[in-house]
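Inspection log for the structure reproduced underneath, given as structure tokens.
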Amino acid sequence: MLAIQAALRGGEIILDVYEREHIEVELKDDASPVTEADRGASAAIAEILRMSGAFVVCEEGVAPSYEERSGWNALWLVDPLDGTREFLKHNGEFTVNIALLDFDTPILGVIYAPARNEMYFSSHGCGAWYVGNVRDAVNSEEGLFGDAKRLPLQSEDRPFRVVASRAHMDEKTARYIDSFRDEHPDLEIVQVGSALKLAMVASGEADLYVRYGTTMEWDTAAGHALLSSVGKQLLTMDLGVDLRYNKEDLRNPSFVATG
């Protein structure tokens, strides 16, 4: 799968920078950090994905106008380094996110955590999968699917688990989560960086993820594909309908991921 190849290549570039003693950081217009790893992974991933013939929109690139994009029936959405703050903290909770859209709907998704050597991936009609030690798996005789586990994973009895952002856990989010405590008195909150939160809901490791505030389409599209492949949903908070993609405004509304 081309997206897996692209994610692994992006991960190589990211880890090369991650292992350095000093990482240079710049601030974008929205005050979010960007590094050499973001830009290097972005260029490498886009180069590989363009081999498919589909267009590529990447966080670190300049998105074409909506007038141009609205006519595309196939589009890659890429976040080459989701969780740059976690990357800079060296806690391993950052990902490469790649999704393929069919018009406005994600039909393929890859979430790769290079520092953890873990990958979640899905494609329409083929289900969703998790692979640990993915770099070893792809080079093994059995290949990627030799060690792949189909999602959702079977888990032991656990509390009702809500995943929340490390960097964006605000009062509104806390109130929403607390609204579930009467029904689930054993409720547990786990704070995690990047698209790993969406992957955890898709895999069955968590039950709910809510996000108020601004995210971009490339933050969620890969996770949305994973969720859809296992019969779960990523819904807008206001109307309770599926998030849509390749909109004129690439920002997402507030949303909730749930089974």
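So, of the residues in region 108-161 that are within 19 Å of I14 (Cα to Cα) and polar (S, T, N, Q), which turns out to be surrounded by the most Cβ atoms within 10 Å (Cβ to Cβ)?
Taking the candidates together, the pick is N117.
For region 93-141, which strands (runs of 3 or more DSSP E) that fit wholly inside it have 1 or more residues that are touching a Ser or Thr at 6+ places or on another chain (Cβ under 8 Å) and free of Cβ contacts under 8 Å to residues at least 40 places away in the same chain?
Qualifying strands (runs of 3 or more DSSP E): 127-132.
Looking at region 106-128 only, could you name the residues that are under 16 Å from L227 (Cβ atoms) and either assigned by TED's automatic domain parsing to the domain that holds S203 or over 14 Å from the mean Cα position of the chain (by Cα) (or both)?
The answer is S123, H124, G125, C126, G127.
Of everything in region 216-259, what is surrounded by fewer than 21 Cβ atoms within 10 Å (Cβ to Cβ) and under 12 Å from the mean Cα position of the chain (by Cα)? Give them in sequence order.
M216
If you take the residues of region 33-72 that are part of a helix (DSSP H, G or I) and among the β-branched types (V, I, T), which of them is surrounded by the fewest Cβ atoms within 10 Å (Cβ to Cβ)?
I48
Go through region 77-103 and give me each residue that's at positive phi and of a type in the set (F, W, Y).
Scanning region 77-103 gives a single hit, F103.
I'd like to check something: does region 193-201 contain any residue that is farther than 28 Å from E12 by Cα, in the same structural domain as P253 (by TED's automatic domain parsing) and hydrophobic (A, V, I, L, M, F, W, C)?
no
Counting residues that are touching a residue at least 40 places away in the same chain (Cβ under 8 Å) and out of contact with any helix residue (DSSP H, G or I) (no Cβ under 6 Å at 6 or more places or on another chain), which strands (runs of 3 or more DSSP E) fully inside region 182-259 reach at least 1? Steps first, please.
Details: elements: 188-192, 208-211, 233-236, 255-258.
In region 182-259, the matching strands (runs of 3 or more DSSP E) lie at 188-192, 208-211, 255-258.
Look through D238, D207, D182, D242 and report the one residue that is acidic (D, E) and closer than 19 Å to I107 by Cα.
The unique qualifying residue is D242.
Scan region 104-134 for residues that are touching a helix residue (DSSP H, G or I) at 6+ places or on another chain (Cβ under 7 Å) and either aliphatic (A, V, I, L, M) or modelled with pLDDT of 95 or more (or both) and report the count. Quick ask: steps written out before the conclusion?
Taking region 104-134 and keeping what is touching a helix residue (DSSP H, G or I) at 6+ places or on another chain (Cβ under 7 Å), we get 106-115, 117-122, 127-128, 130-131.
This time we only want the ones that are either aliphatic (A, V, I, L, M) or modelled with pLDDT of 95 or more (or both), so: 106-115, 117-122, 128, 130-131.
Qualifying residue count for the region: 19.
Name the one entry in A206, A164 that is closer than 20 Å to S229 by Cα and surrounded by 12 or more Cβ atoms within 10 Å (Cβ to Cβ).
Criteria check complete, one pass: A206.
The values are calculated or read from the model by the stated rules, or taken from the named source; none is laboratory data. Only a predicted model underlies this, so the values are computations on that prediction, with no experimental measurement involved. FYI the Cβ positions are ideal-geometry reconstructions off the backbone, even for glycines, and counts take in every protein chain you see.
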